[in-house]
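Visitor: Next up is a structure, given as structure tokens.
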Amino acid sequence: MTDRTQGDGGATTPPGAKGPDELRQQIEQTRSQLGDTVEELAAKADVKGRAKARAADLMDKAGALTVQLRSSAAHAGHRVQEKATHAGHRTQEGAGRSGHVLQERATRAGHLVQERATRAGHTVQEQASRVGQSAPVSNAVEAYRRNPRPMVIALAAGAAALVATGLLIRRSRRR
């Protein structure tokens with residue numbers, strides 16, 4: 001019988017291995033690959049760990065979304081505040097213009113009333129002088145010329161009373 005052992009003490013080398021050192025390297029490499037495979041399988045089998053990792057992922061995403069929503073809400077709030085402020089300024093400007101227009105119209109109406117009162121006073125004074133009673137009317141006209149405000153107020157109040165009376169009469173006729 002022939003012996004198939006080699007001269008290194010009877011150890012046979014597997015095909016592909018050129019020596020004991022290389023064989024040890026292959027064994028280490030195989031062990032390392034086997035260890036990685038076992039870790040991957042263990043990770044897949046660890047349902048609780050995967051669920052915790054997924055939950056942590058979702059919590060991170062939720063936190064980021066919350067920050068984004070808060071930022072968007074704050075931005076929208078600032079835009080609304082700016083628009084409201086702008087609208088308020090426009091309204092204030094419009095009210096100011098309206099106030100000036102009303103003031104001008106009231107001034108014109110006051111001047112018109114003053115002119116008509118002056119004309120009426122002159123007419124009354126002329127008629128009174130024709131009749132021979134110029135002194136009392138002249139005193140009234142002079143008092144008006146010195147301080148026309150009370151007279152304008154009195155005339156405006158009288159005009160308002162006449163308008164109110166006219167409105168009441170119209171309302172009573174409609175019933």
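The values are calculated or read from the model by the stated rules, or taken from the named source; none is laboratory data. These numbers come from a predicted model, not from an experiment. Please note: Cβ atoms are built from the backbone with ideal geometry, for glycine as well, and neighbour counts cover all protein chains shown. Accessible surface is based on the protein model in full, side chains and every heavy atom, while ligands, DNA and RNA are left aside. Shrake-Rupley method; radii C 1.70, N 1.55, O 1.52, S 1.80 Å.
Visitor: Only residues that are open to solvent by 100 Å² or more (accessible area, probe 1.4 Å) and either at pLDDT 90 or above or small (Gly, Ala, Ser) (or both): list them for region 46-69, please.
Guide: Answer for region 46-69, where residues must be open to solvent by 100 Å² or more (accessible area, probe 1.4 Å) and either at pLDDT 90 or above or small (Gly, Ala, Ser) (or both): 59, 60, 61, 68.
Here's the yes/no breakdown for (1) at pLDDT 70 or above; (2) surrounded by fewer than 11 Cβ atoms within 10 Å (Cβ to Cβ); (3) of a type in the set (S, T, N, Q):
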{"position": "135", "(1), (2), (3)": "no, yes, no"}
{"position": "140", "(1), (2), (3)": "no, no, no"}
{"position": "163", "(1), (2), (3)": "yes, yes, no"}
{"position": "166", "(1), (2), (3)": "yes, yes, no"}
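Visitor: Could you check, for region 93-113, whether at least one of its residues is in contact with a Leu (Cβ under 9 Å, 6 or more places away or on another chain) and in a helix (DSSP H, G or I)?
Guide: Within region 93-113 (the criterion being in contact with a Leu (Cβ under 9 Å, 6 or more places away or on another chain) and in a helix (DSSP H, G or I)), the answer is yes, since at least one residue qualifies.
Visitor: To continue, here is another question. Please determine, by comparing only the residues of region 87-104 that are open to solvent by 100 Å² or more (accessible area, probe 1.4 Å) and at pLDDT 75 or above, which one is farthest from residue 142 (Cα to Cα).
Guide: Filtering region 87-104 for residues that are open to solvent by 100 Å² or more (accessible area, probe 1.4 Å) and at pLDDT 75 or above, the one farthest from residue 142 (Cα to Cα) comes out as 90.
Visitor: Based on this model, can you work out whether residue 69 counts as without any contact (Cβ under 8 Å) to a residue 12 or more places away in the chain, under 24 Å from the mean Cα position of the chain (by Cα) and under 30 Å from residue 43 (Cβ atoms)?
Guide: For residue 69, the condition - without any contact (Cβ under 8 Å) to a residue 12 or more places away in the chain, under 24 Å from the mean Cα position of the chain (by Cα) and under 30 Å from residue 43 (Cβ atoms) - is not met.
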